[in-house]
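Have a look at the structure below before the remarks.
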Amino acid sequence: MRKTEIPVSENLGRGHLACAGCGAAVGMRLTLKALGEKTVMVFPASCWSIIPGFWPYSSLRIPVVHAGFVTGGSTASGVRAALDIRGDHEALVAVWAGDGGTFDIGIQALSGAAERNEDFIYICNDNEGYMNTGTQRSSATPLFAWTTTTPVTRPNENPKKDMMAIMADHHIPYAATATIAYPEDLLRKMEKAKRIRGTRFIHLLSPCPPGWRIPSERTIQVSRLAVRCRVFPLYEIENGISYTIQEQSRAVPVKEYLKLQGRFSHLTDQEIDRIQERVDDEWQHLLRKARC
């Protein structure tokens, strides 16, 4: 990956309410460095409905619109239309939604906006569960993971939904995965998305220490292992058809990633082997797409 200079400007101030080690807080800080102060951020119900702080105080230094859980895509469409009517074509509209507000509850509004190719950046802050309300399962929750609604006796038995493939099938101009363990890659993709018009989708993996049952100081390590184990590959898709993979170094066994997280501490060797097999199959499928 080429070197990218990290801006010194800060649009996330002090005093936010994120948990210690919150991947989403680091992700937001880096995202706002890339997007800049001329950004209007739409927040569907999620952790970031709470993290900035209680009115009239906010740790964010940009305009914010809090939206209903289901309305991220439609609210951003309306904000963009309102700015255009005012003649403000410089301000950037972005959505910051959780996986619940993207994969599940908000997918209809997102799909409609993507089908219309609305002009905004949609960032899915994926912590793989409904973490703000007590660690319930979402369709972004990994295979066999523990949550409060998939207890150890009945862990999640369905694989994670492939949201990138869904967005690619909308043929939007740009979609990409990113994680805080690779900040230069994240900044480059945000800056690239900023230059493109139409619907842009960023799938940002954000470890949640309480929900993933990891120590707060392990957030970056776990994020990096997700990429190295190919559980969460770094790649981008242009116009729904052109795939480019950013990180293809020698893979680390998926067991190294799983063993750091309490939500996987109940796994048997057979279940770990099944996860490894699925990760390997998905990686080969991604490679085939990138070679087309």
- Query: What pairs come up if the first residue lies in the stretch 245-256 and is modelled with pLDDT under 95, the second is in a loop (DSSP other than H, G, I, E, B) and of a type in the set (Lys, Arg), and their beta carbons are under 6 Å apart, counting only those six or more places apart or on different chains?
  - Reply: Ala251/Arg230
- Task: Identify, by number, the condition in (1) at pLDDT below 95; (2) touching a Cys at 6+ places or on another chain (Cβ under 6 Å) that Arg154 doesn't meet.
- Result: (2)
- Query: Just wondering, is there one or more residues in the stretch 97-111 that are modelled with pLDDT of 95 or more, crowded, with 22+ Cβ neighbours inside 10 Å and in contact with an Asp or Glu (Cβ under 7 Å, 6 or more places away or on another chain)?
  - Reply: yes
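Per-residue answers, yes or no, for (1) aromatic (Phe, Trp, Tyr); (2) under 23 Å from Gly78 (Cα atoms):
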residue: Cys22; (1), (2): no, no
residue: Ala25; (1), (2): no, no
residue: Met28; (1), (2): no, yes
residue: Ala45; (1), (2): no, yes
residue: Trp48; (1), (2): yes, yes
residue: Gly53; (1), (2): no, no
- Scanning the stretch 9-67 for residues that are in contact with a strand residue (DSSP E or B) (Cβ under 6 Å, 6 or more places away or on another chain) and of a type in the set (Phe, Trp, Tyr), which turns out surrounded by the fewest Cβ atoms within 10 Å (Cβ to Cβ)? Phe43
- Message: Looking only at the stretch 179-212, filter to residues that are part of a loop (DSSP other than H, G, I, E, B) and touching a residue at least 60 places away in the same chain (Cβ under 8 Å); which one of those is nearest to Val252 (Cα to Cα)?
- Response: Tyr182
- Kindly check whether there is at least one residue in the stretch 120-133 that is out of contact with any Cys (no Cβ under 8 Å at 6 or more places or on another chain) and in a loop (DSSP other than H, G, I, E, B). no
- Task: Pull up the stretch 134-158, narrow it to residues that are β-branched (Val, Ile, Thr) and part of a loop (DSSP other than H, G, I, E, B), then point me to the one that is farthest from Arg197 (Cα to Cα).
- Result: Thr153
- Task: Consider Ser223 carefully, then state whether it is surrounded by fewer than 17 Cβ atoms within 10 Å (Cβ to Cβ) and of a type in the set (Ser, Thr, Tyr).
- Result: no
- Query: Does Ile220 count as assigned to a strand (DSSP E or B), at pLDDT 95 or above and within 27 Å of Thr133 (Cβ to Cβ)?
  - Reply: no
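The values are calculated or read from the model by the stated rules, or taken from the named source; none is laboratory data. Note that the structure is a prediction, hence the values are computed from the model and not measured. For neighbour counting, all protein chains shown are included, and Cβ atoms are generated from backbone atoms with ideal geometry for every residue, glycine included.
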